[in-house]
1. Given +1 on the Cβ of Lys and Arg, -1 on the Cβ of Asp and Glu, and no further charges, what dipole in debye does region 97-169 carry about its Cα centre, rounded to the nearest 20?
2. Rolling a 1.4 angstrom probe over the protein chains, ignoring ligands and nucleic acids, what is the accessible area of S159 in square angstrom, nearest 10?
3. With a cut-off of 8 Å between alpha carbons and a minimum separation of six or more residues, what is the relative contact order of region 55-157 in percent?
4. What do you reckon, how do W87, W64 stack up by accessible area (1.4 Å probe), largest on top?
5. What are the ³J(HN,Hα) couplings of region 127-144, residue after residue, when phi is run through the Karplus curve with 6.51, -1.76, 1.60 and θ = phi - 60°? Round to Hz, x for glycine and proline.
6. Across region 95-108, in residue order, what do the Karplus-derived ³J(HN,Hα) couplings come to in whole Hz, using 6.51 cos²θ - 1.76 cosθ + 1.60 with θ = phi - 60° and x for Gly and Pro?
7. Which ³J(HN,Hα) values, rounded to whole Hz and listed in residue order, are derived for region 152-163 from phi using the Karplus coefficients 6.51, -1.76 and 1.60 in 6.51 cos²θ - 1.76 cosθ + 1.60 with θ = phi - 60°, glycine and proline given as x?
8. Carbon and sulfur together cover what percent of the accessible area of region 94-169 at a 1.4 Å probe radius?
Amino acid sequence: MSFPLVPEVASSVDAVLSGEPFAEDSLLPGPAALLDRLDGALAVVDEQPVTLAVIGLLRRDDGWPTSPAVLATVTALLAGGLRADDWLAREGAAEFAVLVDGDVDAAEVAVRRLVGAVGGVITGIAAAAGVVALERGLDAAEVRRRALLCLAAARTQGSGVLVRYRGTR
């Protein structure tokens with residue numbers, strides 16, 4: 001499955017300023033674009049496996065939001081570590097979604113590399129990730145929910161942890 005790394009240029013400035021289809025504070029696609037991309041990937045998942053990873057930042061909590069400079073640096077690190085057919089989006093304030101072309105075992109290797117790239121580059125910032133394989137019969141919202149559930153579990157375990165979805169809840 002071929003996913004472009006760089007999102008298509010918006011047809012108007014108003015689309016970018018409104019945050020759709022891009023995240024409010026970046027040029028990366030946002031959650032709405034992620035759901036659209038997931039729908040497309042789920043339609044052909046039998047022919048071409050795809051995995052969703054949500055990478056979340058961990059930091060010392062000083063009560064301040066993560067700075068735009070840190071987010072820009074992390075975005076550059078993640079974008080630089082993607083393979084040709086992988087796709088990057090913003091999932092939340094300190095979360096990034098990556099659609100990894102391939103099965104979940106191969107995707108875990110790529111996601112571990114991305115999570116490791118974040119840790120150690122910026123003092124006080126690390127990452128964890130939730131990973132879920134796209135499966136026939138699921139909808140985009142359920143795939144996203146599973147990935148976020150795994151990310152929440154990974155964050156409780158600490159820096160560098162990756163949790164794969166295994167189960168039915």
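1. For this selection, approximately 260 debye.
2. About 80 Å², rounded to the nearest 10.
3. 32 percent
4. Largest to smallest exposure gives the sequence W64, W87.
5. So the Karplus estimates, Gly and Pro as x, are 9, 9, 8, x, 10, 9, 7, 6, 10, 4, x, 8, 9, 4, 4, 5, 4, 4 Hz.
6. Couplings: 10, 10, 9, 10, 8, 9, 6, x, 6, 5, 5, 5, 5, 4 Hz.
7. 4, 5, 5, 4, 5, 8, x, 4, x, 7, 10, 10
8. Exposed carbon and sulfur together represent 51 percent of the surface.
The values are calculated or read from the model by the stated rules, or taken from the named source; none is laboratory data. Model, not experiment: these values are computed from the prediction. Every residue, glycine among them, receives a Cβ derived from its backbone with ideal geometry; neighbour counts consider all protein chains shown. Ligands, DNA and RNA are excluded from the accessible area calculation, which covers all protein heavy atoms including side chains. Shrake-Rupley method; radii C 1.70, N 1.55, O 1.52, S 1.80 Å.
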